[in-house]
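S.K.: Take this structure, written in structure tokens, and hold onto it; I'll ask about it next.
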Protein chains: 2
Amino acid sequence: MTSLAAEQTGSVEFRTEPARYRHWRLATDGPVATLTMDVDERGGLGDGYELKLNSYDLGVDIELYDAVQRLRFEHPEVRAVVITSGNDKAFCAGANIRMLAGAEHGQKVNFCKFTNETRNGIEDATANSGQTYLAAVNGTASGGGYELALACEHIMLIDDRSSAVSLPELPLLGVLPGTGGLTRLVDKRHVRRDIADYFCTRPEGVTGRKAVGWRLVDEAIPRAQWAETVAERARELASRSDRRGRAAGIRLTPVAKTRSETEIGYRWVTAALDPEAGLATITVRGPDTDAPADMSAAHEQGADFWPLAMTRELDDLILDLRTNEPAIGTWLLRTSGDPGRVLAHDQLLLDHADDWLAGEIVLYLRRTLKRLDVTSRSLIALIEPGSCFAGSLLELALAADRSFQLEGVFEDDDPGADPAAVTLGAMNTGPLQMGNGLTRLRTRFSGDDASVAELTRRLGEPLLAADAAELGLVTFAPDDIDWADEIRIATEERASFSPDALTGMEANIRFAGQETMETKIFGRLTAWQNWIFNRPNAAGPAGALRRFGTGQRADFDRKRV
Amino acid sequence: MTSLAAEQTGSVEFRTEPARYRHWRLATDGPVATLTMDVDERGGLGDGYELKLNSYDLGVDIELYDAVQRLRFEHPEVRAVVITSGNDKAFCAGANIRMLAGAEHGQKVNFCKFTNETRNGIEDATANSGQTYLAAVNGTASGGGYELALACEHIMLIDDRSSAVSLPELPLLGVLPGTGGLTRLVDKRHVRRDIADYFCTRPEGVTGRKAVGWRLVDEAIPRAQWAETVAERARELASRSDRRGRAAGIRLTPVAKTRSETEIGYRWVTAALDPEAGLATITVRGPDTDAPADMSAAHEQGADFWPLAMTRELDDLILDLRTNEPAIGTWLLRTSGDPGRVLAHDQLLLDHADDWLAGEIVLYLRRTLKRLDVTSRSLIALIEPGSCFAGSLLELALAADRSFQLEGVFEDDDPGADPAAVTLGAMNTGPLQMGNGLTRLRTRFSGDDASVAELTRRLGEPLLAADAAELGLVTFAPDDIDWADEIRIATEERASFSPDALTGMEANIRFAGQETMETKIFGRLTAWQNWIFNRPNAAGPAGALRRFGTGQRADFDRKRV
């Protein structure tokens, strides 16, 4: 297809800033911010579709993601965020259907993954950062538009006899609501399953008080009282927030980046791309200075403060590779630097949990690592002399599907080097939970509390390969004679397997133990949606998604599977 | 395809008995039973494949299901069950690949669902019935063969340097292990995720002590000690069982059934089929006599005891419709009879929880209702005068996606009838949990404990339509003027929607709240597998599943989705 061609040529760009927004306006007024969606119909990322009725594509959502991030870092004073529409015909019509109908399967899936992550980020801001989101639904919110509202803590619907909330995907398009709607209906808003069933088959949706009665929205407000009530509710939510920031925010200066066909470079992160081998080698560098003495020094460093700068780069890299390099199926994860400095930076953040910036950085790192967990690429960590897998950076190895730690040193290259070590820190035992609500350590040793207890006793101790393997922290510990061959075999083998089967396997065994609403969205709901996206009944020439708007009805294979 | 043609013509038959087994031998010796798998290569359900190396198809698994059921009812004395192989070349090679490669998508999915249910039933026997399963893996167990072992509580592997356990689906076939293997590895056996990853990419599998070290099996025993150690272990497991039965079992006499294109009839259950409308109307009849005075009278009734007889018929009907009538997408659920008698039968069972037969019947009903929850058909309950939605039969309405209860009576037909009522009983508040470990009531009112508490106060009270709707027990309460139209619109509308989107929606909103290993298998794992089954990389002409055994390598689209 041509319409999303940009995504296929490596050129989708996730870095933006409010001055460059085409689709959103961000305004703040003391403790209340307002995010106004006013999509530029002609501002689609690809050709071939117009973003009517505040419908969105990946480009629109990239701006939303940027705004949510900036509110957390640049606006510590903001305690409530109102999402509303600047389009007088609709609140939001959801993902653009012509864009979806024309997109390749992989593009649809990647788009949904990013939009899901952004909505999870909205919930994360509400739950953990004292920035409570309020959906001021001042026109019809359909499909992804209503799902955007569902990600907000409080939903207000204008009661004007025409503005409705709806999930018309099933009756109109033959697909599911793609950004968590079904799960949030029953698991977040506790809409009874039979009402949810009925609601999801009514393309016209539900208006006013009935929507309140069905728990679909929290209140329905007549137009005459709308502006005043929304403002009042926002002030109330803001006043209930425990957000700690009073001081000025950190300016999120542009992330500097170089990009070619074979390398993506940032200050702290580099990725060497080998499209032929289907391999990206990602290196994350630890800080090159000691940790600041206190958080006020960190505030002064602002966006240059290593944990924040590194996380922003890693975040951008993950999004870039996912979207622009689908044929690179394996990511090798490496680190370099001084483990002590990483642990000191970690400690500074954890010692000042009452500092809003420290809190935000840890939460941002957590969200970024969660992106890795749901990334459909094989992740292999390589732990060598000079590497820096300690504390927060050790999470990269714990997020990996496999890890290799060199036993000893490379005798030919640098026989005098210190052998590779991994070092657990406080970041590994609590704050960086996966989407399932458990740490990566706890998930790794699911059902094996003794191992977790033993490892917790060894925080701060550099563990050489034999120890780390014995303790179960790494998968393999080859010596330098076997190292290159083992890595080569593992990566070549990975490249030879079915990419789809790898994705399915990884999506299952990465998430041992309990499930949460978040993992249900990525596991259960997304997996079913991906299945439907592949079915002729949706995506085939006579499928509902392709026939929508043509005046022709879909021609279904009626057999239930 | 021709090979599974039988499945498409309504003729797959789930009723069998040991005398008719072609693939299994069932023997008991006091407290220990042995199930020996010795698949008849030429005994496949379809043409076009041979069941070599103890590979299986649906027909083989139907016998296994029957054996597991009979052990519970016919053999109260059995406390441990050994599953082993009578094939001298393999323990079990898993699902037959040629069968899978040739099967239509829907057949593959239905086959996997049934095999999953059977393995869950094995775990249910171990966990709840004191019949502990032991896998005596006396040859290589690959793919579904190893997954069968994973469903057992204890896995013994013969240590002969060649017998291995393996999950070769990903490297050889480009699909996932289809019967819970990935989930059981990490969630049941607590195999570390990186070891699971490595294991699942080694088609040759793992033998002997290494398999023990990786927690893949519990012990590896040399051939010289094999028979003796297996017997010893079985005796140990049997001696630890708390199974209550000492007396003689109940003989599971053949379920009498009539079947035509338009009707399936049993003693207590009938289904009227309307393939044109895509509709089956299922009626379950309550008991026509009072409950026996005590369980000894129930023992005497044996397989004719209403709760058991009705459950067996419902179970067979669900399996028949699922397999043989894929184009019938909506099941209307009706009941008839005396609610008081149902509640009395329920009470008898619950009052005698220490009676092995009472316990087994409740557990069987629970498993059968769980089948409904994972059935990919829309379920609509119709509650009319003369119906019998009380206690255990009310679960049918609670399992439905929607329910309609008539307000008042049919004025033209029977103005003097008692109006339709639903009656909660003790069966609704505890013993019949869904796969998520919660009752249907608790799942329905997820996050709304007040409603559950209120309903629990009203056990035994016949609730008319207005009350039941107000309390949230039913979805709609039309009167007789609207009744027929509302049902017609609901069913016609349902038939007009994408069958796939309905399946996806139902699989998500039926399972509010927590997940368990069981729901993870049906939700997360199965959904991903179904997606892979649809992908050209597996099922396309150049996909791995189709090319297996041809000598040609699969030709993969390398893009990760």
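S.K.: I'd like to check which helices (runs of 4 or more DSSP H) are fully inside the range A:165-272 and have at least 3 residues that are closer than 30 Å to A:Gln69 by Cα, open to solvent by 10 Å² or more (accessible area, probe 1.4 Å) and away from chain B (no Cβ under 11 Å).
M.R.: Hits in the range A:165-272: A:223-240.
S.K.: Right, something else. If A:Glu360 satisfies all but one of (1) open to solvent by 10 Å² or more (accessible area, probe 1.4 Å); (2) more than 18 Å from A:Phe476 (Cα to Cα), what's the number of the condition it fails?
M.R.: The number of the failed condition is (1).
S.K.: Only one residue in B:Asp479, B:Asp485, B:Asp467 is open to solvent by 40 Å² or more (accessible area, probe 1.4 Å), charged (D, E, K, R), more than 7 Å from every other protein chain (Cβ to nearest Cβ) and touching a residue at least 12 places away in the same chain (Cβ under 8 Å), so which one is that?
M.R.: None of the other options fit; the residue is B:Asp479.
S.K.: With respect to B:Gly208, is the statement that it is of a type outside the set (A, V, I, L, M, F, W, C) and within 23 Å of A:Ile509 (Cβ to Cβ) true?
M.R.: For B:Gly208, the condition - of a type outside the set (A, V, I, L, M, F, W, C) and within 23 Å of A:Ile509 (Cβ to Cβ) - is not met.
S.K.: Could I ask something else about it? Go through the residues of the range A:382-395 one by one and say whether even a single one is over 17 Å from the mean Cα position of the chain (by Cα), under 30 Å from A:Ser496 (Cα atoms), among the acidic types (Asp, Glu) and open to solvent by 20 Å² or more (accessible area, probe 1.4 Å).
M.R.: Among the residues of the range A:382-395, at least one is over 17 Å from the mean Cα position of the chain (by Cα), under 30 Å from A:Ser496 (Cα atoms), among the acidic types (Asp, Glu) and open to solvent by 20 Å² or more (accessible area, probe 1.4 Å), which makes the answer yes.
S.K.: Which condition number in (1) facing chain A (nearest Cβ under 7 Å); (2) part of a helix (DSSP H, G or I); (3) open to solvent by 30 Å² or more (accessible area, probe 1.4 Å); (4) charged (D, E, K, R) is the one that B:Asp500 fails?
M.R.: Of everything listed in (1) facing chain A (nearest Cβ under 7 Å); (2) part of a helix (DSSP H, G or I); (3) open to solvent by 30 Å² or more (accessible area, probe 1.4 Å); (4) charged (D, E, K, R), B:Asp500 misses just condition (3).
S.K.: Restricting attention to the range B:346-378, and to residues there that are of a type in the set (Gly, Ala, Ser) and modelled with pLDDT of 95 or more, which single residue is farthest from B:Cys388 (Cα to Cα)?
M.R.: Going through the qualifying residues, I end up with B:Ser376.
S.K.: Across the range A:503-533, what is the number of residues that are of a type in the set (Phe, Trp, Tyr), assigned to a helix (DSSP H, G or I) and within 8 Å of another protein chain (Cβ to nearest Cβ)?
M.R.: 2
S.K.: Shifting gears a bit: Identify all residues within the range A:534-555 that are open to solvent by 40 Å² or more (accessible area, probe 1.4 Å) and within 7 Å of chain B (Cβ to nearest Cβ); write none if there are none.
M.R.: Across the range A:534-555, there are no qualifying residues.
S.K.: Right, something else. What number of residues in the range A:46-56 are modelled with pLDDT of 95 or more and out of contact with any strand residue (DSSP E or B) (no Cβ under 7 Å at 6 or more places or on another chain)?
M.R.: Qualifying residue count, the range A:46-56: 5.
S.K.: Also: Give me the residue from the range A:323-340 that is out of contact with any Phe, Trp or Tyr (no Cβ under 8 Å at 6 or more places or on another chain) and assigned to a helix (DSSP H, G or I) and, out of that set, least open to solvent (accessible area, probe 1.4 Å).
M.R.: Among residues in the range A:323-340 that are out of contact with any Phe, Trp or Tyr (no Cβ under 8 Å at 6 or more places or on another chain) and assigned to a helix (DSSP H, G or I), the one least open to solvent (accessible area, probe 1.4 Å) is A:Asn324.
S.K.: Pick out the one residue from B:Thr289, B:Thr229, B:Thr281 that is within 28 Å of the chain's Cα centre (by Cα), polar (S, T, N, Q) and at pLDDT 95 or above.
M.R.: B:Thr281
S.K.: Could you say which residue among B:Thr28, B:Thr36 is touching a Lys or Arg at 6+ places or on another chain (Cβ under 6 Å) and either over 24 Å from B:Leu173 (Cα atoms) or surrounded by fewer than 21 Cβ atoms within 10 Å (Cβ to Cβ) (or both)?
M.R.: After ruling out the rest, the residue left standing is B:Thr36.
S.K.: With (1) at pLDDT below 95; (2) surrounded by 23 or more Cβ atoms within 10 Å (Cβ to Cβ) as the list, and A:Arg161 as the residue in question, which single condition is left unmet?
M.R.: For A:Arg161, the failing item is (2).
S.K.: Within the range B:415-434, how many residues turn out to be outside any strand (DSSP E or B), open to solvent by less than 10 Å² (accessible area, probe 1.4 Å) and hydrophobic (A, V, I, L, M, F, W, C)?
M.R.: Number of matching residues: 5.
S.K.: Taking the condition surrounded by 20 or more Cβ atoms within 10 Å (Cβ to Cβ) and within 13 Å of another protein chain (Cβ to nearest Cβ), does B:Ala450 pass?
M.R.: no
S.K.: Let me ask something additional. I need a count of the residues in the range B:85-107 that are part of a helix (DSSP H, G or I) and open to solvent by 10 Å² or more (accessible area, probe 1.4 Å).
M.R.: Looking only at that region, the number is 8.
S.K.: Residue check: is A:Leu473 at pLDDT 95 or above, surrounded by 20 or more Cβ atoms within 10 Å (Cβ to Cβ), in a loop (DSSP other than H, G, I, E, B) and within 14 Å of chain B (Cβ to nearest Cβ)?
M.R.: yes
S.K.: Evaluate the range B:356-376: report whether one residue or more is touching a Lys or Arg at 6+ places or on another chain (Cβ under 9 Å), in a loop (DSSP other than H, G, I, E, B) and within 22 Å of B:Arg488 (Cβ to Cβ).
M.R.: No: zero hits.
S.K.: Quick check on this structure: which one of A:Asp187, A:Asp194 is at pLDDT 95 or above and either more than 26 Å from the chain's Cα centre (by Cα) or β-branched (Val, Ile, Thr) (or both)?
M.R.: Of A:Asp187, A:Asp194, the one residue that is at pLDDT 95 or above and either more than 26 Å from the chain's Cα centre (by Cα) or β-branched (Val, Ile, Thr) (or both) is A:Asp194.
The values are calculated or read from the model by the stated rules, or taken from the named source; none is laboratory data. In this text the structure is predicted, and so the values were computed from the model without any measurement. Counting neighbours? That spans all protein chains shown, and the Cβs are built from the backbone with ideal geometry, glycine included. Just so you know, the surface numbers come from the protein's heavy atoms only, side chains and all, with ligands and any DNA or RNA stripped out. Shrake-Rupley method; radii C 1.70, N 1.55, O 1.52, S 1.80 Å.
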